[in-house]
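Enquirer: Quick one: structure below, then a few questions.
The values are calculated or read from the model by the stated rules, or taken from the named source; none is laboratory data. Predicted, not measured: the structure shown is a model, and the values here were computed from it. Reconstructed Cβ throughout: ideal geometry from the backbone, glycine too, with neighbour counts over all protein chains shown. Heads up: the accessible areas ignore ligands, DNA and RNA and are worked out on the full protein's heavy atoms, side chains in. Shrake-Rupley method; radii C 1.70, N 1.55, O 1.52, S 1.80 Å.
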Amino acid sequence: MPTAQEVLERARNALTQRNYKFPASRIDTFPHKTLMVFYKYSISVDPQTLTSTRPGANILGLSNPSSIPNAGAGTPTAAITLPVPIRILEPYSVKYDTGNFEALRDFIKSYISRRGQISRSNSDLLDSIGTFAGPLLGMGLNPYTITRLKNVELRKYQLFWKLHPESEEETNTVENIIREIRLRMHPEPDLFGLLLKYPELINFRILGPRNPDHVFPVAPCVIEKFFVDRTAADYPSFFSGTGTPTVYGLYLNLVEIKPLLRNGNELNTLNSSILGI
């Protein structure tokens, strides 16, 4: 079973076009780097490698997978290799809220009401008496407040790079990277503009650790925001020959399309199995 890193590296190496590396002359010698691979949108995620895959035909009851929209989701469309971002944050978040389960009081009220010994108006009156008598007696009903699991939040990533092109060729590479990201993060109109095709997904990994278990899991993401700072130096600075920036700042905000759930001793998008995708 190949690792997620191997899957993405194979996808990148298979691309003859739209395969961008910065700095192209040195990035392959860097032990640590960021690899990003774009795919057509699909809700289907490989549970082992957490990479985009072709959607299964069974979700729509179809025998021909090619008839499904975005059926080529497992095919990479572009790849970008950059140095490691300035900060590498690994977020995990499970959301809880509090709930008050006044089970005993509600059970007693329901039991008495079913026996016809108390009317609705009298029940409301008892509630009011209980509310106002509590401060006088120094006692109140136990609301049974507990923590309640709400959901596993979709993880968000904020990646930031400062890129310093040293030649016109490297500047062109940075501009091509910017163009690819801003193009692929936007939806495309379909059916005479009545529908919008989802933007492409992005799989990214921070390469470097030799042990694949030390690479934190990342499910396919959509690009939520993308900012380009063309004056990312301490002051605005441009090349005299081309007029292009000497320093670029790239800010990329990503959101995973599925939550990670525990499956034994592993984390994967386990809930996808319910839908058969």
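Enquirer: Extending each Cα 7 Å along its Cβ direction at residue 239 and residue 178, get the distance between those two points in nm, one decimal.
Expert: Each label point is offset 7 Å from its Cα along the Cβ direction, giving 1.3 nm.
Enquirer: Once neighbouring chains are kept in place and the probe is 1.4 Å, which whole percent of the accessible area of segment 129-277 is contributed by carbon and sulfur? Mind dumping the intermediate values first?
Expert: Values: 5250 of 9310 Å².
Its accessible area is 56 percent carbon and sulfur atoms.
Enquirer: Report Rg(Cα)/(2.2 N^0.38 Å) for segment 162-277, keeping two decimals.
Expert: 1.43
Enquirer: Leaving out ligands and nucleic acids, and using a 1.4 Å probe, what accessible area per residue does segment 130-252 come to in Å²?
Expert: On a per-residue basis, 64 Å².
Enquirer: Treating cross-link reach as a plain straight distance, find the lysines whose alpha-carbon is under 28 Å from the alpha-carbon of residue 225, omitting any fewer than eight places away in the same chain.
Expert: Those lysines meeting the cut-off are 21, 33, 40, 95, 150, 156, 162, 197, 258.
Enquirer: A further question on this structure: Given 0.36 nm per residue, what is the gain on full extension from residue 198 to residue 97 after removing their alpha carbon distance, in nm?
Expert: This chain segment gains 33.2 nm when fully extended.
Enquirer: Now for a different question. Between residue 224 and residue 24, what is the label-to-label distance in nm when each label sits 7 Å out along the Cα-to-Cβ direction?
Expert: About 3.4 nm separates the two model spin labels.
Enquirer: Could you tell me the accessible area of residue 7 in Å² (1.4 Å probe, neighbours in place), rounded to the nearest ten?
Expert: Accessible area of residue 7: about 40 Å².
Enquirer: From the protein chains alone at 1.4 Å, what is the descending order of accessible area for 198, 144, largest first? If you can, show how the numbers build up before the last one.
Expert: On the way: 198 145, 144 90 Å².
Ranked list, largest accessible area first: 198, 144.
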